[in-house]
Each structure stands twice: as structure tokens, then as C-alpha cells.
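All remarks here apply to the structure that follows.
The values are calculated or read from the model by the stated rules, or taken from the named source; none is laboratory data. Since we're looking at a predicted model, the values are computed, not measured. Cβ coordinates were reconstructed from backbone atoms using ideal geometry, including for glycine residues, and neighbour counts include every protein chain displayed. Heads up: the accessible areas ignore ligands, DNA and RNA and are worked out on the full protein's heavy atoms, side chains in. Shrake-Rupley method; radii C 1.70, N 1.55, O 1.52, S 1.80 Å.
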Amino acid sequence: MSTIVYWFRNDLRLEDNPGFREACASAKHLLPIYIHPDSNDDLTSWGFPRFANHSREFLQQSLDELRHQLIARGSNLLELSGEPSKVFQLIRDQTAFDVIYCEQIQAPEELAEVDVIKNLGFNVRQFWQSSMLDPKDLPFDLQEIPDVFTKFRQEVERRGLSYAEPISTPAHIPPLPLMSIATKPKEALFPKQVEPLFSGGELSALAHLDQYFERRLPDTYKQTRNQLTGMDYSSKFSPWLAFGCCSARTIVQKLKNYESTYGANDGTYWLWFELLWRDYFRFLHFKYGDKLYRPHGLIDKEINSFDKKKFQQWISGCTGENFIDAGMRELQQTGFLSNRMRQVVASYWIYDMKGDWRAGAAWFESQLVDYDVYSNQGNWLYIAGRGTDPRGGRPFNVKKQARDHDPDGAYRSKWLNAP
Ligand SMILES: Cc1cc2nc3c(=O)[nH]c(=O)nc-3n(C[C@H](O)[C@H](O)[C@H](O)COP(=O)(O)OP(=O)(O)OC[C@H]3O[C@@H](n4cnc5c(N)ncnc54)[C@H](O)[C@@H]3O)c2cc1C
């Protein structure tokens, strides 16, 4: 029996959290912590803050909920800021611990963070727990994952894979070790522009899922998913998934229960299908790793240059193309954008404004309340034609998209006239 530090990363939940559960089962004393990035490191190389208020607010709500849940079970959550390696050194000065348990995040910066910690002599155990499918169940090694999504999906379906069973919340959380570190003082998030669309946290996630299924919204998902306005046209699971307030496995278990009660249909299948895309972008990281983060991605062709003035026009919604401007304003004001608008504005930046796709991806990272490293990188590479997609890029015709998806101009008028 040892002292374990559980480092919460993008897994801010107690239910279906294998790493946390195993830490609880193995530790005599357990220290749950969360590490905020150092605000000095907060600027991207493109010159804007890496995290805008939308995701910071959602994150803080999620952490507050997590802390309440831990306190109710006799534990607590220590929130600190800085480079993880320095934070662990600080903790080690205060209390002896044997091992750090955490979620495995298979993206270059996050892997490098863990390497630095290991190189300092810390013992770290990582748990892969953010996908719907368990990589062990796949009929191929992750290094051999098909490069075409359809082939991947067909192999998954042929094998009859749907999701891996979630696991329950630990019954007992070991007590905290003795130590005295002050937690980070909470900053007020100001100014607050609009009321947030989403409220972070595990209980909020579960409440959102329940109302989504109770209102039988999966039945119409396939017909509505390309709409642009409202809470119900798509599931809006993404912010809670991004912070790990609920797991993809929990969602799909509820989806399968729903199918047993009401029957499977196009909508339920399509929801699963989209969650499979989410898995696919994750799994591609095991095969290609850093290569997905090269300027040219996986395809050796020249990239567009970066024009600061054009970029300013794009991000502030002042390109003169109404449909794009409406989308970019919605993104900045709410931290959310429908999948359709994400595709259209990304395509416009790359193919019409001839912009560097990496700056677009970084802007999404900064703005999206549901920013997810794998899905963001994967989708930007896909549209830019620099990932595994054999079609070599996905340019969208903006005028046609506006006609098809905003025929009466209501979406444009909503965001172009917003205060
Ligand atoms: C350029 C671009 C950048 C994107 N960046 C992100 C991101 O940072 N974080 C993120 O979660 N999604 C991202 N997406 C994918 C997708 O747009 C969002 O997941 C979706 O719009 C979230 O809304 P929802 O939860 O209502 O989705 P729904 O349509 O209800 O889908 C259900 C779930 O399936 C998954 N999903 C749906 N579409 C995709 C997709 N194309 N790729 C991967 N997973 C998908 C999501 O987890 C989503 O919550 C991006 C798409 C594009 C085109």
C-alpha cells in the first residue's frame, strides 16, 4: 500500500475512470490534483491567448464539481498552476509519494510533459481511457490502423464492436496524505460576454445526457445534425467529452439502452458513427504521432503562408463574406460552432483566404469550449488534405453552403446583428 498522486487531466470524472479507480484500489493515501498551465506560457506562437474564457469557465465549473464530489467522499482536489514537472517537485518537497497515476494523452505536447516528469525520476503510470472502443479489442494493431475511415469502420463493424463497458465509481477513496500546500487562488473570469451555453462538471454531463435521451432526440439526429442554430440539432456532448466529465463509453452505453427500449434507427446509428470518428482521430495518433503535427502534416506539399491582416479579418468575422463572418462571430461569442460551420469556415480560411491551416487550428483551440487535441487536429488535417483522407482536401463552396443550410438568412442575421 502506497501513496499515489492522481493527476486529473482531460478526465474530470469519478465514473468510468479506470486510472482513478485503480489508484483508489492500490493506495493507502491518495492525493487528487489538477495542474493549470502557467499563465505566462499562455500565448500561442500566433500571438493570441491559448485558452479563451469559454473553456476556462467550463473547466473551472468542472473542477469545482469534481472537488465537491471528492470532498463528499472524504477527499479533496488540489489545484496548482505551473509546469507539471515543477509542480510534482513541489509536492515531493511536502509529502513523500510513490507513483503518479494519470490519463494517457497520446499527443506530442502531453506525451513530452510526461517524459519530463519521468526523466526527473518520478514513477508514472498512464491509463488510456478516452475512447469508446478499447484498442485491445480491435482486429488490428493501432500501428496498422487503416488510413481510410470507411475501411476502419467496416472492420470494426465486421468484428461486431460497439463500445467497451464502462466501469463504476470507486466505492472508497483513500484519505489524503499529510501536507500543507496552498491551492491556487481562483481568478474571476471577467469580462463575461454572454451567458455560457454549457455548464461544466460530471453531474451536469449526466443531467445533459439524461435529458437528451428522455426527449428522444437521437431519433431525429440524422435529419437535424447539419443545422446551425439551437441546442437540439446535435447532441452537444462535445464539451463534456473534451474535459472528460463523462466518458464516450458511458454515452454509448446509454445509447444502447435507449436502442433496447425504443429501437435502433438511423439517428442512433449516426450518433455512434460520429463517436467512431472521434475514436478514429485518437487512434491515428498511435500510428502517426508527431507526424500529424508537422507543418505539412502527412502530405509533403507546400503550405499557405500566414498573413496577419487576413487572419485578423477571419477571426473577427470581418472578411466581407457574410456566412463566414456569422460563423466566426458565433465562435468567438459562444465558444461553439456546429460541425457544418466548422467545416465551412475552416475551408474558407485554407482555400479562399489561402491561410496557414495551423493558425486556423490554433484559433479553434483557443476559442472552442469543446477543444479536443485529437479531433481538432484530425479535422483540420482532413479539410486541409494533409491527413490520411485519400481525397486530398475538402474545399467547400461557401455560397452553396449558405443556400443549403441558411436559405432564409436567419443564421447570418442572428450573428451579424448580434451586439
Ligand atoms: C475544423 C474542425 C475542428 C473541430 N474541432 C473539434 C474539437 O476541437 N473538439 C471536438 O470535440 N470536435 C471537434 N470537431 C468535430 C465536430 O465538429 C464536433 O465534435 C461537434 O460539432 C460537436 O458537437 P456535438 O457534440 O453536438 O456533436 P454531434 O454531432 O452530436 O456528435 C456526437 C459526438 O460525436 C463526436 N463527433 C462528431 N463529429 C465529429 C468529427 N467530425 N470529428 C470527431 N468527432 C466528432 C463528438 O464527440 C460529438 O460530441 C471539429 C470539426 C471540424 C470540422
Problem set entry | the chain - accessible surface per residue (Å², probe 1.4 Å) | 44 Å²
Exercise. What's the extension gain from S305 to A171 if we count 0.36 nm per residue and subtract their Cα-Cα distance?
Worked result: 42.8 nm
For this session: Using label points projected 7 Å from each Cα along Cα→Cβ, tell me how many nm separate T220 and V124, to one decimal.
Result: 4.6 nm
Problem set entry | Accessible carbon and sulfur surface of the stretch 298-416 relative to its total accessible area, %, 1.4 Å | 46 percent
Exercise. Considering amide H positions built from the backbone, and no H for Pro or chain starts, which residues 5 or more places from H36, or on another chain, come under 5 Å of its amide H?
Worked result: L80, S81, G82
Seminar exercise, completed: Pairs over 29 Å Cα to Cα, from K256/K414; K222/K254; K222/K287; K28/K236; K287/K399; K118/K236, come to K256/K414; K222/K287; K28/K236; K287/K399; K118/K236
Exercise. Heavy-atom accessible area of H29 with all protein chains present, probe 1.4 Å, nearest 10 Å²?
Worked result: 60 Å²
For this session: Using every pair of alpha-carbon atoms in the stretch 1-129, split the distances into 10 Å bins beginning at 0 and state the percent of pairs per bin, rounded to integers.
Result: 11, 43, 36, 9, 1
For this session: Could you pull out every residue, at least 5 positions away or on a different chain, whose amide H is within less than 5 Å of the one on H29? Hs are placed 1.01 Å off N in the peptide plane, and Pro or chain starts have none.
Result: S2, T3, I4
Exercise. With θ set to phi - 60° and the Karplus curve 6.51 cos²θ - 1.76 cosθ + 1.60, what are the ³J(HN,Hα) couplings of the stretch 232-238 in order, to the nearest whole Hz, using x for Gly and Pro?
Worked result: 9, 6, 9, 6, 6, 6, 4
Problem set entry | Semi-axis lengths, Å, the stretch 298-416, gyration tensor of Cα atoms, sqrt of 5 times eigenvalues | 22, 15, 14
Exercise. Per-residue accessible area for I35 at 1.4 Å probe radius, Å² rounded to 10?
Worked result: 20 Å²
Seminar exercise, completed: The ratio Rg/Rh over the Cα atoms of the stretch 228-387, Rh being the Kirkwood inverse mean 1/r radius, stands at 1.00
For this session: Please sort 286-297, 127-138, 358-369 by packing, taking for each peptide the average over its residues of neighbouring beta carbons within 10 angstrom, highest first.
Result: 358-369, 127-138, 286-297
Exercise. From the backbone phi of the stretch 7-22, what are the Karplus-calculated ³J(HN,Hα) couplings (6.51 cos²θ - 1.76 cosθ + 1.60, θ = phi - 60°) in whole Hz, Gly and Pro given as x?
Worked result: 9, 6, 10, 9, 9, 7, 8, 9, 7, 6, 10, x, x, 5, 4, 5
Exercise. Taking N as the number of residues in the chain, what is its alpha-carbon radius of gyration divided by 2.2 N^0.38 Å?
Worked result: 0.99
